[in-house]
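Here is the structure we will look at.
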Amino acid sequence: MTDTPGATDRGRTAAVLTGLGAWLPPRRVPNSELCTRIDSSDQWIRERIGIAERRIAEPPVATGDMAVEAAARALASAGACGADALVLATNTPDRPCPATAPWVAHRLGLPAVAAFDVMAGCSGFLYACTVAAGLIAAGTAQRVLVVGAETMTSLVDPADRATAPIFGDGAGAAVLEAGPPHAEGALGPVVWGSDGSLSDAIAVPAGGARERHRRHLAAPEEHFVQMRGNEVFRHAVRRMSAAARQAAAAAGWGIGDVDRLIAHQANQRITATVADTLGIPAAHAPSNIAQVGNTAAASVPLLLAHAADQGELKPGHKVLLVAFGSGLAWAATTLVWPAGLSARLP
Ligand code: COA
């Protein structure tokens with residue numbers, strides 16, 4: 001057991017990363033196009049958020065379709081054709097009910113596997129990995145497909161300059177398999193947590209059970225995500241820095257041991273501030289936010305796939321992963337980058 005607060009010890013059987021896949025919808029929306037709808041500028045968005053363009057899934061493509069594409073690539077990357085369970089992290093399920101994961105499993109040709117959604121904001125992928133690692137440690141599953149997929153643009157008011165520049169669509173997926181805890185690719189101890197007292201800092205006010213009595217009275221903007229950006233920024237930096245530091249310590253690493261920081265791509269200034277707070281050089285914190293925006297639960301697996309593809313993650317690298325988002329919810333963990341893992345991208 002570790003004595004790090006909030007850390008979990010998953011016993012002797014670890015979840016080992018054996019496959020990685022990604023998918024992005026082809027439609028690119030540069031800042032210049034966005035700024036025809038909102039009072040902003042390419043320069044402001046690049047300087048304050050770090051985004052140049054984002055991808056948009058065009059109807060009828062939705063979260064489940066992108067999840068299928070990324071998951072199929074992750075299975076191919078692992079050289080596997082099946083899994084015992086599928087966990088889909090998303091804030092934008094195809095429908096309010098049922099969960100999207102069973103449909104994704106069906107489309108992948110994995111009938112009858114356990115499949116369910118996890119909603120934990122932009123930390124969803126790391127939460128889903130933690131759930132998968134628990135299933136593996138308990139012997140309930142040997143191989144789990146973990147997917148992060150989002151159609152964030154379905155939650156964004158295209159006229160809201162506080163959110164429209166930030167979010168994008170996409171999907172990433174990983175295969176986790178049972179293995180020894182000291183294997184390369186084994187997920188380390190997880191540090192995670194939440195603060196529901198700030199549940200309205202990033203929220204969609206309407207459409208849920210709490211507002212059912214005024215379902216037909218809600219204003220159009222209440223069906224879109226509303227965010228207190230400044231406040232979220234401060235909490236993101238504080239929680240991500242603390243969780244990352246604790247996860248490194250729980251793995252027995254000093255911050256100086258960390259070769260790469262894989263941080264949820266919320267805002268380039270958040271990533272830079274977290275790296276700086278931790279004392280990790282900016283060059284050791286790969287980023288793809290300029291090209292894909294903030295893809296919420298898809299952000300961490302997409303960045304892993306892109307960084308692996310670009311040779312940023314090398315075998316033996318000590319990788320610290322951290323995420324933060326609505327809930328509020330945060331999570332961090334570690335892994336040593338495995339040899340022979342080749343991410344599959346479109
Ligand atoms: N374009 C141009 N100007 C904008 C703008 C936009 N899209 N949004 C805000 N501004 C202006 C404001 O009106 C304000 O102007 P003023 O100084 O003349 O009053 C100024 O920029 C600063 O506003 P502020 O809200 O303090 O901006 P900010 O620097 O905090 O940046 C965010 C806003 C949303 C980019 C930033 O707070 C952020 O990224 N927060 C975290 C969001 C996030 O990551 N959410 C997901 C978490 S997973």
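Just checking, does segment 195-202 include any residue being surrounded by 17 or more Cβ atoms within 10 Å (Cβ to Cβ) and within 19 Å of the chain's Cα centre (by Cα)? Checked segment 195-202: at least one residue is surrounded by 17 or more Cβ atoms within 10 Å (Cβ to Cβ) and within 19 Å of the chain's Cα centre (by Cα). Filter segment 90-100 for residues that are touching a residue at least 24 places away in the same chain (Cβ under 8 Å) and crowded, with 16+ Cβ neighbours inside 10 Å and give the result. If the condition is that a residue be touching a residue at least 24 places away in the same chain (Cβ under 8 Å) and crowded, with 16+ Cβ neighbours inside 10 Å, then T90, N91, T92, P93, D94, T100 are the ones that fit. In this entry, A174 is excluded by the filter for residues that are more than 14 Å from the ligand (Cβ to nearest atom), touching a helix residue (DSSP H, G or I) at 6+ places or on another chain (Cβ under 7 Å), among the small types (G, A, S) and modelled with pLDDT under 95. Among residues of segment 315-336 being more than 16 Å from the ligand (Cβ to nearest atom) and β-branched (V, I, T), the one that is surrounded by the fewest Cβ atoms within 10 Å (Cβ to Cβ) is V336.
Looking at A272, A308, A339 in this structure, which one is modelled with pLDDT of 95 or more, within 17 Å of the chain's Cα centre (by Cα) and either surrounded by fewer than 21 Cβ atoms within 10 Å (Cβ to Cβ) or in a helix (DSSP H, G or I) (or both)? Among A272, A308, A339, only A308 is modelled with pLDDT of 95 or more, within 17 Å of the chain's Cα centre (by Cα) and either surrounded by fewer than 21 Cβ atoms within 10 Å (Cβ to Cβ) or in a helix (DSSP H, G or I) (or both).
None of V113, V87, V118, V104 is farther than 22 Å from A137 by Cβ and either in contact (Cβ under 8 Å) with a residue 24 or more places away in the chain or in contact with a Pro (Cβ under 7 Å, 6 or more places away or on another chain) (or both) except V104. Look at (1) more than 22 Å from V300 (Cα to Cα); (2) within 15 Å of the ligand (Cβ to nearest atom); (3) hydrophobic (A, V, I, L, M, F, W, C) and you find that I270 fails only one, number (1). Here I280, I289 are screened, and the one residue that is within 16 Å of the ligand (Cβ to nearest atom), buried (at least 21 other Cβ atoms within 10 Å of the Cβ), of a type in the set (V, I, T) and not assigned by TED's automatic domain parsing to the domain that holds W44 is I289. When G185, G196, G207 are checked against the criterion of being out of contact with any helix residue (DSSP H, G or I) (no Cβ under 8 Å at 6 or more places or on another chain), at positive phi and touching a residue at least 24 places away in the same chain (Cβ under 8 Å), G185 stands alone in meeting it. Would you check if there is a residue in segment 169-180 being surrounded by fewer than 16 Cβ atoms within 10 Å (Cβ to Cβ), over 19 Å from the mean Cα position of the chain (by Cα) and without any contact (Cβ under 8 Å) to a residue 24 or more places away in the chain? No, that holds for no residue. Pairing each residue of segment 123-146 that is farther than 14 Å from V16 by Cβ with any residue that is acidic (D, E), provided the two are 6+ apart or on different chains, yields C-beta distances under 8 Å for T140/D84.
Against the list (1) away from the ligand (no atom under 15 Å from the Cβ); (2) over 17 Å from the mean Cα position of the chain (by Cα); (3) closer than 22 Å to G325 by Cα, the condition A133 fails is (2).
The values are calculated or read from the model by the stated rules, or taken from the named source; none is laboratory data. Since this is a predicted model, take the numbers as computed values, not measurements. Backbone-built Cβ (ideal geometry, glycine too); neighbour counts: all protein chains shown.
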